[in-house]
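Encoded as structure tokens, here's the structure I'll be asking about.
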């Protein structure tokens, strides 16, 4: 059952390429969508259109049967019952933590004991009860973040929007905030849209990941699926740290390629590389190879180790194929640079 | 794959197969595809309770619910939020029915033309600001242009142009303004370069003191200098340097006027230059020095090119201010029979005749034209000057002067002593002598002049009262216009916003005398509906102040809005707050310090204003500026001095109040701060 529906959403600020072009998505209630993409890909514009700060130039946004925005009309943000965690947190500096959190309640006319109770509960959820009377200026980054989150959960918003909420926090805080977000999502049952350029964050949190690039929506899928079966070069390159090889693989229904197929393709390519000229019958296609599927094996092809960098839990290898294409791999032991070692590619994914 | 259940456009299905069933009209249809609508079933109340069964059911089986911390699983029970009033059916924007039909679609297409702004500003905001600007800026200026034009065409006033008196006034105006500009450039650039580029000490106090002449009303400056340099000077006389009694006052001359105009407007050059020099960052200069350039080369090759536009702009604005200045030529020129264009308007208005309106309109138009030329030069100089990118480090350039530092500091303090301290001391001294010409010593010192103006003279008391009323009414009343205008201008871009911004600037940029004439012409006739004339009442002065200080009041509020994170307002909108609500709860508290600064700045300028009120006052509506002028004119120089001292004290007090506020204010509001 779809709840939040973006229908051919387009936003053109009037500068050549539209910022968002023809994005269609339907999110069921309780979905946690991560909008992932490089900066400038239009993901924040999509978020701001959902919130109502921007009006689409074409297409529409609906929530259930309610039309929120289209090119002619837009329900103002204050009437949408949404909440948002801004990248800058947007805490009002002249109000205390409790006043910040309780402001949406105040606007809805709740005061007195009921207000106290709801604000107190929201603050205790983010473990900020002792700081209720402080001003935002006296808080650390992580605490401000939690105030912003508490302000979102104090009312029961239909949709919660998060605009790179962890961008300004350090690594350690991110982990604990991710945990808080996940718990918040479980508890509130709100539809959540989370904009980020950090794919690890997106994978860890979301039930669905949407990848955007240059204003277009490229793919939407659950994290595991988008990792295993990305569509197209851009998504393949954005998600994970795989390598994309150009290989002559015969067209077939099969997109998951095993070592025999890959070995044949690599071998023929080597042979062609030696004689020059390409066979006309087998076109080159993009094959995504994840580094975790590349390992040493006696039945492998010789590849030259171009670099070997220790990353803590393992070594990251940069391998060169016979025709010069590069391939990433992991190894548990160091391999001297310049050495040619046989490697097996256990699995590849045709993009 | 039940989750993102409808990805209408994946890569594989991306070709837009938009049905062209409308007969290839070519219009992009806004109707959503039917399959969306068929699925968008009515699902009961939009609001759902936490942990509701419906939600649990719709959760796809493959997600294993994460382990929740105990307290997070506790639902907020007990208090049920009231439904938001906007969630009622009638108010919601319903999805349009799929069977819209052709006519409906045409309607939809035509609707697109007038797109509702999603900026969240209420509909009345733009008309309100436009009306205010039209009334305060466009109407009087249009009236002036019209009167000047018709005066020229009808010929009655046209002969005025060819009168020798007009020629002489024009020549005097140009000569004094040019001379003043040169003095301003010398003084202003000395201080600006020293302040921005060197490591001298006490920059804040120096720059505060240097800005004072601009804040002190010109007639007070003129009076102070006259007291200092005349034969009766209480400062020069004990030193034996005073000119012999009976000799002419040396300042009652063209060069005297030019010198004082220069002192008065040097802070303008200082400000313009400093803004330009702020763009020459320390690392740029250090890079030049590492490239092998000595300090002098660096100054010539790096600093001067960066400062040059500021120099031109500062010179132009000093020239324009000199053209329009009334207080200095009125005090120094009228006794010597030297007329400038502003004093010519004043004396024509005093000897009111049949053709007066045409004449003063014509002279004002002349002043406005010269000023406009100067302002265009200033705009040109500042155009395309955007060196902000180089200024990344933000650190100011500093030449370490070494032993020269003490010499430069001495020079700056000496200059201040000459142009500021000495005249003010003379002013204080002459306010303390019992009568003109009596030497000042411990026996003769008396406070009788202060007692006279504060307790006995009804004229000065009325003037104090009028100025207090006018200044505070203008300062507070203007906020009613400038807060909405600033809100509008920060949120709107485009031609209309630019036009409003320019219309707000123009009355402030034009010399006050031009504005005063424009208001006389606009309000001399009775008002159309009520049939009452504002002319001769205090209200015409107030309206003119509104127009004149609109830009002064706008600037701090505008920079507060510009520096505010827009997401603060957006967060309030998502919290459900409508326009007035978020104005009251979020925006106004945040801009309050800037609004306070705006009030004090307008108070400061309006309380001392002379030019506008000199033309618009009548019996009972005189202002402080007019009172000082009249007292001096009637020979009571001790009373004029005493009143001037009070005005200077008031100015310094208000500036100190602003300085006290400084840390709460947005950047760039206080001109004497960096």
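Between the alpha-carbon centers of segment B:171-203 and segment A:282-351, tell me the distance in whole angstrom.
First find each Cα centre; the distance between them is then 71 Å.
Next up: In peptide A:3-12, what is the residue-averaged number of other protein chain Cβ atoms found within 10 Å of each Cβ?
Values: counts 5, 0, 8, 2, 10, 10, 0, 1, 0, 0.
That works out to 4 on average.
Take the Cα gyration tensor of segment B:530-572, multiply each eigenvalue by 5, square-root it, and list the three semi-axes largest first, rounded to whole angstrom. Please report the intermediate quantities before stating the final value.
Details: eigenvalues 272, 32, 5 Å².
In descending order, the three semi-axes are 37, 13, 5 Å.
A further question follows. Compute the separation of the alpha-carbon centres of segment A:38-78 and segment A:208-242 and state it in Å as a whole number.
After rounding, the separation between the Cα centres reads 23 Å.
On to the next question. For the peptides B:311-324, B:136-149, what is the packing order when you average, over each peptide's residues, the other Cβ atoms within 10 Å and list the highest mean first? Let's see the in-between values first.
Working: B:311-324: 25.9, B:136-149: 19.1.
Listed from highest to lowest mean packing, they are B:311-324, B:136-149.
Quote the convex hull volume per residue of segment A:243-350, based on C-alpha atoms, as a whole number of Å³.
Details: hull volume 9.4 nm³, N = 108.
Per-residue hull volume (Cα only) is 87 Å³.
On C-alpha positions alone, give me the angle between the axis of helix A:112-125 and the longest principal axis of chain A, in degrees, nearest 10.
Between the helix axis and the principal axis of chain A, the angle is about 20 degrees.
Please state the relative contact order of chain A as a whole percent: Cα pairs under 8 Å, 6+ residues apart?
Details: 713 pairs, mean separation 55.9, N = 351.
That works out to 16 percent.
Between segment A:108-148 and segment B:529-572, how far is it from one alpha carbon centroid to the other, in angstrom?
38 Å
Sticking with this one: Which whole number gives the average, over all residues in B:575-587, of C-beta atoms from other chains lying within 10 Å of the residue C-beta? Each step should come with its number before you reach the end.
Details: counts 19, 16, 7, 4, 2, 0, 4, 4, 0, 0, 7, 5, 1.
The shielding value for this peptide is 5.
How do the peptides B:200-209, A:167-176 rank, highest first, by the average count of neighbouring beta carbon atoms within 10 Å per residue?
Details: B:200-209: 15.7, A:167-176: 13.3.
Top to bottom by mean Cβ count within 10 Å: B:200-209, A:167-176.
Using every alpha carbon pair in segment A:2-229, what percent of pairs falls into each 5 Å bin from 0 up to the bin containing the largest distance?
Once binned at 5 Å, the Cα pair distances of segment A:2-229 give 1, 7, 15, 18, 19, 16, 12, 8, 3, 1, 0.
By how many degrees, between 0 and 90 and to the nearest 10, does the Cα long axis of helix A:141-153 differ from the longest principal axis of chain A?
Taking Cα atoms only, the helix is inclined about 70 degrees.
What ranking, highest mean first, results for peptides B:645-651, B:376-382, A:220-226 when packing means the other Cβ atoms within 10 Å averaged over each residue? Kindly include the intermediate steps, with their values, before the conclusion.
Details: B:645-651: 18.6, B:376-382: 16.1, A:220-226: 21.0.
In decreasing order of mean packing, B:645-651, B:376-382, A:220-226 become A:220-226, B:645-651, B:376-382.
To continue, here is another question. Partner chain Cβ atoms within 10 Å, averaged over the residues of B:645-651 - can you pull that number for me?
Numbers: counts 0, 0, 0, 0, 0, 0, 0.
The per-residue average across the peptide is 0.
Every number here is computed from the coordinates shown, using simple stated rules; none is lab data. The structure presented is a predicted model; accordingly, all values stated were derived computationally and were not measured. As a convention, Cβ positions derive from the backbone with ideal geometry for all residues, glycine included, and neighbour counts pool all protein chains shown.
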